[in-house]
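**Student:** Provided herewith is a single structure, encoded as structure tokens, for subsequent inquiry.
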Amino acid sequence: MIRALLTTLGMLTIVAVLGAGGVLFVFYKYGQGLPDFRQLADYEPPVMTRVHAGDGRLLAEFAVEKRVFVPIKAMPKKVIQAFLAAEDKNFYIHPGIDFMGVGRAVLTNLKNLGSSRRLVGASTITQQVAKNFLLTNEVSWRRKIKEAILAFRIERAFPKDRILELYLNEIYLGFGSYGAAAAALNYFNKSLHELRIDEMAFLAALPKAPNNYNPIRKPKAAVGRRDWVIGRMLEEKFITAEEAEAARRQPLSIHKRDETEYVTAEFFAEEVRRELVSRYGDDQLYKGGLSVRTTIDPKLQAFADVALRQGLRAYDRRHGWRGSFTRLGPEVRLDRPGDWTRALGRFARPKGLFEWSLAVVLGTDEKFAHVGVEDGVKGRIPLSELTWARPWLEGQKRGPKVKAPIDVLRRGDVVAVERVTKDADDKPYPDDFYGLRQIPAINGAIVAIDPHTGRVLAMSGGYSYELNQFNRVTQARRQPGSAFKPFVYLAAMDSGYTPSTLILDAPFVIDQGPGLPKWRPANYTKKFYGPSTMRLGIEKSRNLMTVRLAQTIGMERIAEYARRLGIVDKMPETLSMALGAGETTLMRLTTAYAMLVNGGKQVFPSLIDRIQDRHGRTVFRHDRRSCADCRHKVWTGASVPRITDARKQVTDAGSAYQVVAMLKGVVERGTGRRVGAVGKPLAGKTGTTNQERDTWFIGFSPDLAVGVFAGFDTPIPLGRRETGSSVAAPIFRDFMARALEGEAAIPFRIPPNIRLVRVNARSGQLARAGDRDIILEAFKPGTVPTGRTEVLEGQSWTAGQGAQGGAITGTGGLY
């Protein structure tokens, strides 16, 4: 008896030793070369970057996986309990492997041998973390061994809560949801804290096989699995019997996630994306969970988009009709009376229609073109809404007048239309009247900047981002033409000249040498006006006066101002550059104008106010000024903290104001008179290049700088008499009218070294009794006119004389 007992004990000991040895061998063999589990200590799941507008509304999201990361401490307790009940009830007590669970699974699987039931697993949450983060999805016993080894190691290295946090934020739960928080949004349109018990139970039912419990394709299986989890929660005493019963009675209702409301500013958002990639790289942008607060003002952005579109459309209508959408594509056949809806449905909807509708022409008569609109209704386009549509001719000219709808449209043409309610005389139209519309061939851009900080408040880089993603604010380098002239005058103000200085407006010719044509700049009017004040030269955009002034003060000085104000980095020192022949971008030029109105302080355009990482730490701030006294939680009546102005002074404040005052005259009496309709203190300058290829208007109010550019992407003439005044200025005017609506009329701020004196606007001399054309002119101390007048005459020269300015090349500003 004793011998048999000893024999049995010996056998058991041998088996135990062999078993332990086998386990040690397996751990040694498969434990080598495993991934380093310590990387989980610093692991942060890929989280989307969210970009917000200045008012906090969402502008854009950038992500590989649209995951919402929620720290374990912020998760509702019952959500955690639901997953523990379903996946790993012994999570907080096992060492990484649940041996009791493994034993139960073995017995259950032996019992179910020969049946069609699915094999039962016993993977713990720790094992799932090991598989999801460190191993592949290979189905084999080798992987299960590696999984178990890693689970032991992970448990020894990390606290349970960290392991659970990784699991609940990483696990895939179907419907494109990574993590429990994303799943709550995608299945129920709720945050984790808003979930009911039955909804928590359903999410906890998904980790094993989300597709098997798809609530839309397999609702019975989904409900059955959910109820099983509810039962497990009851067994573990996480919920009461009453709560369990109430949860089971709830129908499994899926609520599609609300469409995220975005601020519409595609060009701005793309520019922000480029900057973030440049700063942090693709990985940090798409996986780093950055929170970005931008400078954009959604209200101003909406005004900018509308003003730009309307301005480009207005120009386009002045130059005729280029034809229907079917002129270059397949015709729409209308063989039977009622088949137009089907035929139109097969037609690819053009990009860039915005609020317009697509329509097919069903026929015409003497007064109307009859159309079928894409929303299924029929309408009429009256002849009065077709008269603008004279045929477009090369050179932006127009063909004969429209006398009947058949002159413009044919049956089967697919066109853009817009519902119209009133005619040109404000008389109401019938309900079924439409106007013919056309996507402009011209393009353009507008940008609005806070001149005191450089914050970009609105940016529209083209007519339609959908049509073309090229950003004409930041990427298009074009000649600014006369819009550059204020900086020639700024250099003159800093050199001691005044707005009353007289400059000769007369022919100017330079012989450039053998084989080269003579350079003869001219005024837009092709006339000469004799000695004129510097103010008049900029108000009327006189080219000849600007060239003489540039020659007098020196092109090297003007090139230095262009560099200092960020317009052109290395401007050739040739006289044509004074007329705006040097290429620049709308953003650069508008920022330079901002430095005029802010008193000559240097600012840089900025799209981003602040960037925070996923943990809420600020990693970038545009405003780097420090103010310790600004951080008090309560104001106790102490004096207001003073913040040091660290902006560099790039030009004299008095000189900058003198130029501002002259640009105000451009709006009041000069080439920018259209802008005066806004009725607020505004200043600015038109710009047009040779052959009317580029048109500009850059201007400002005391607290808002705005730049507008309009032209074809491949530079071609815009047509006769199409200038910055007729194309770009109306866009500026319409934007400013909306942006400043309801705002107080703030005058331009006058620096302390400026004195306003009454002068005769034509002569620049002190006003006398009986003078009619009197204005207030800005002078620095000691520069007020005394009665003596000198005229800057400049000089023409021939090649080889070595006169200042060098070779003359390029085109120049006109108007």
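**Student:** Suppose the filter is under 27 Å from V675 (Cβ atoms) and part of a helix (DSSP H, G or I); does A550 pass it?
**Tutor:** Yes, satisfied.
**Student:** Now, a different point. I need a count of the residues in region 565-575 that are touching a residue at least 12 places away in the same chain (Cβ under 8 Å) and either farther than 18 Å from L544 by Cα or buried (at least 24 other Cβ atoms within 10 Å of the Cβ) (or both).
**Tutor:** So the answer is 7.
**Student:** Please go through region 261-311 and give me each residue that is touching a residue at least 24 places away in the same chain (Cβ under 8 Å) and of a type in the set (D, E), ordered by number.
**Tutor:** E261, E266, E270, E271, E275, D297, D305 - these are the residues of region 261-311 that are touching a residue at least 24 places away in the same chain (Cβ under 8 Å) and of a type in the set (D, E).
**Student:** For region 690-725: of the residues being closer than 28 Å to D297 by Cα and among the hydroxyl-bearing types (S, T, Y), which is farthest from the chain's Cα centre (by Cα)?
**Tutor:** My answer is S725.
**Student:** Could you check, for region 403-414, whether at least one of its residues is touching a residue at least 24 places away in the same chain (Cβ under 8 Å) and under 21 Å from the mean Cα position of the chain (by Cα)?
**Tutor:** No, region 403-414 has no match at all.
**Student:** List pairs: first residue in region 193-205 and under 12 Å from A181 (Cβ atoms) and outside any helix (DSSP H, G or I), second residue open to solvent by less than 10 Å² (accessible area, probe 1.4 Å) and small (G, A, S) anywhere in the structure, Cβ distance under 8 angstrom, at least six positions apart or on different chains.
**Tutor:** Listed by first residue and then by second, the contacts come to L195/A184.
**Student:** Kindly provide the set of residues from region 775-784 that are surrounded by 18 or more Cβ atoms within 10 Å (Cβ to Cβ) and small (G, A, S), ordered by number.
**Tutor:** A778 - this is the single residue of region 775-784 that is surrounded by 18 or more Cβ atoms within 10 Å (Cβ to Cβ) and small (G, A, S).
**Student:** Can you tell me which residue in region 121-153 is most open to solvent (accessible area, probe 1.4 Å), limited to those that are more than 16 Å from E87 (Cβ to Cβ) and modelled with pLDDT of 75 or more?
**Tutor:** My answer is R153.
**Student:** On the given criteria, is V373 surrounded by fewer than 18 Cβ atoms within 10 Å (Cβ to Cβ), within 24 Å of D423 (Cβ to Cβ) and β-branched (V, I, T)?
**Tutor:** no
**Student:** Please find, among A628, A653, the residue that is at pLDDT below 95 and surrounded by fewer than 22 Cβ atoms within 10 Å (Cβ to Cβ).
**Tutor:** From the options A628, A653, the qualifying one is A628.
**Student:** If the requirement is being at pLDDT below 95, of a type outside the set (D, E), open to solvent by less than 10 Å² (accessible area, probe 1.4 Å) and more than 17 Å from I750 (Cα to Cα), which of these qualifies: T636, T695, T644, T689?
**Tutor:** T689
**Student:** Report yes if some residue within region 15-38 is modelled with pLDDT of 75 or more and either open to solvent by 20 Å² or more (accessible area, probe 1.4 Å) or not hydrophobic (A, V, I, L, M, F, W, C) (or both); otherwise report no.
**Tutor:** no
**Student:** Can you find a residue in region 499-522 that is of a type in the set (D, E), farther than 30 Å from I442 by Cα, touching a helix residue (DSSP H, G or I) at 6+ places or on another chain (Cβ under 6 Å) and open to solvent by less than 10 Å² (accessible area, probe 1.4 Å)?
**Tutor:** yes
**Student:** Between residues in region 58-87 that are part of a loop (DSSP other than H, G, I, E, B) and residues that are open to solvent by 40 Å² or more (accessible area, probe 1.4 Å) and of a type in the set (F, W, Y), which pairs lie under 8 Å by C-beta distance while being six or more apart or on different chains?
**Tutor:** That search, which allows pairs on different chains as well, returns A63/Y286; V64/Y286; E65/Y178; K66/Y178; R67/Y178.
**Student:** Is it fair to say A241 is open to solvent by less than 50 Å² (accessible area, probe 1.4 Å) and of a type in the set (G, A, S)?
**Tutor:** no
**Student:** Just one of (1) modelled with pLDDT under 95; (2) open to solvent by less than 20 Å² (accessible area, probe 1.4 Å); (3) not aliphatic (A, V, I, L, M) trips up Q301, so point out which.
**Tutor:** Of everything listed in (1) modelled with pLDDT under 95; (2) open to solvent by less than 20 Å² (accessible area, probe 1.4 Å); (3) not aliphatic (A, V, I, L, M), Q301 misses just condition (1).
**Student:** Which count do you get for residues in region 701-732 that are of a type outside the set (S, T, N, Q), open to solvent by 10 Å² or more (accessible area, probe 1.4 Å) and in a helix (DSSP H, G or I)?
**Tutor:** Total satisfying the criteria: 1.
**Student:** If you don't mind, another one. Across region 452-511, what is the total count of residues that are assigned to a helix (DSSP H, G or I) and among the hydrophobic types (A, V, I, L, M, F, W, C)?
**Tutor:** 8
**Student:** Related question: Looking at region 609-623, is at least one residue in a strand (DSSP E or B) and farther than 21 Å from R273 by Cα?
**Tutor:** no
**Student:** Restrict the check to region 158-172 and report whether at least one residue is assigned to a helix (DSSP H, G or I), modelled with pLDDT under 80 and open to solvent by less than 30 Å² (accessible area, probe 1.4 Å).
**Tutor:** No; the residues of region 158-172 include none that is assigned to a helix (DSSP H, G or I), modelled with pLDDT under 80 and open to solvent by less than 30 Å² (accessible area, probe 1.4 Å).
**Student:** Okay, next question. Residue under question is R455, and the condition is that it be of a type in the set (D, E, K, R) and more than 30 Å from R647 (Cβ to Cβ); does it hold?
**Tutor:** no
**Student:** Among the candidates D316, D283, D339, single out the residue that is modelled with pLDDT under 85 and either closer than 30 Å to E170 by Cβ or out of contact with any strand residue (DSSP E or B) (no Cβ under 9 Å at 6 or more places or on another chain) (or both).
**Tutor:** Within the list D316, D283, D339, the selection yields D339.
**Student:** Tally the residues that are buried (at least 16 other Cβ atoms within 10 Å of the Cβ), part of a loop (DSSP other than H, G, I, E, B) and not small (G, A, S), restricting the search to region 412-451.
**Tutor:** Matching residues across region 412-451 total 9.
**Student:** Are any residues in region 206-257 more than 21 Å from I80 (Cα to Cα) and not in a loop (DSSP other than H, G, I, E, B), and if so, which ones?
**Tutor:** Answer for region 206-257, where residues must be more than 21 Å from I80 (Cα to Cα) and not in a loop (DSSP other than H, G, I, E, B): N211, N212, P219, K220, A221, R249.
**Student:** Checking the structure you have, find out if any residue of region 785-798 is modelled with pLDDT of 80 or more, outside any strand (DSSP E or B) and open to solvent by less than 80 Å² (accessible area, probe 1.4 Å).
**Tutor:** Yes: one or more hits.
**Student:** Another question, if that's okay. Of the conditions (1) charged (D, E, K, R); (2) modelled with pLDDT of 95 or more; (3) over 27 Å from L58 (Cβ atoms), R333 satisfies every one except a single condition; which number is it?
**Tutor:** So the condition that R333 fails would be (2).
**Student:** Output the residue which, of all residues in region 44-80 that are among the basic types (K, R) and at pLDDT below 95, is farthest from I608 (Cα to Cα).
**Tutor:** Residue satisfying both the conditions and the ranking: K73.
**Student:** What number of residues in region 197-254 are of a type in the set (S, T, Y) and out of contact with any helix residue (DSSP H, G or I) (no Cβ under 7 Å at 6 or more places or on another chain)?
**Tutor:** So the count comes out to 2.
**Student:** Going through region 576-604 one residue at a time, which ones are surrounded by 22 or more Cβ atoms within 10 Å (Cβ to Cβ), in a loop (DSSP other than H, G, I, E, B) and under 21 Å from the mean Cα position of the chain (by Cα)?
**Tutor:** If the condition is that a residue be surrounded by 22 or more Cβ atoms within 10 Å (Cβ to Cβ), in a loop (DSSP other than H, G, I, E, B) and under 21 Å from the mean Cα position of the chain (by Cα), then T585, V603 are the ones that fit.
**Student:** Further question on the same structure: For the subset of region 733-774 comprising residues that are part of a loop (DSSP other than H, G, I, E, B) and of a type in the set (D, E), which member is most open to solvent (accessible area, probe 1.4 Å)?
**Tutor:** Once the filter is applied, the top-ranked residue is E741.
**Student:** Follow-up. Name the residue that is farthest from the chain's Cα centre (by Cα), counting only residues in region 376-402 that are in a strand (DSSP E or B) and surrounded by fewer than 15 Cβ atoms within 10 Å (Cβ to Cβ).
**Tutor:** Per the stated criteria, the residue is K378.
The values are calculated or read from the model by the stated rules, or taken from the named source; none is laboratory data. Remember, it's a predicted structure, so these values are computed and weren't measured experimentally. Cβ coordinates were reconstructed from backbone atoms using ideal geometry, including for glycine residues, and neighbour counts include every protein chain displayed. Just so you know, the surface numbers come from the protein's heavy atoms only, side chains and all, with ligands and any DNA or RNA stripped out. Shrake-Rupley method; radii C 1.70, N 1.55, O 1.52, S 1.80 Å.
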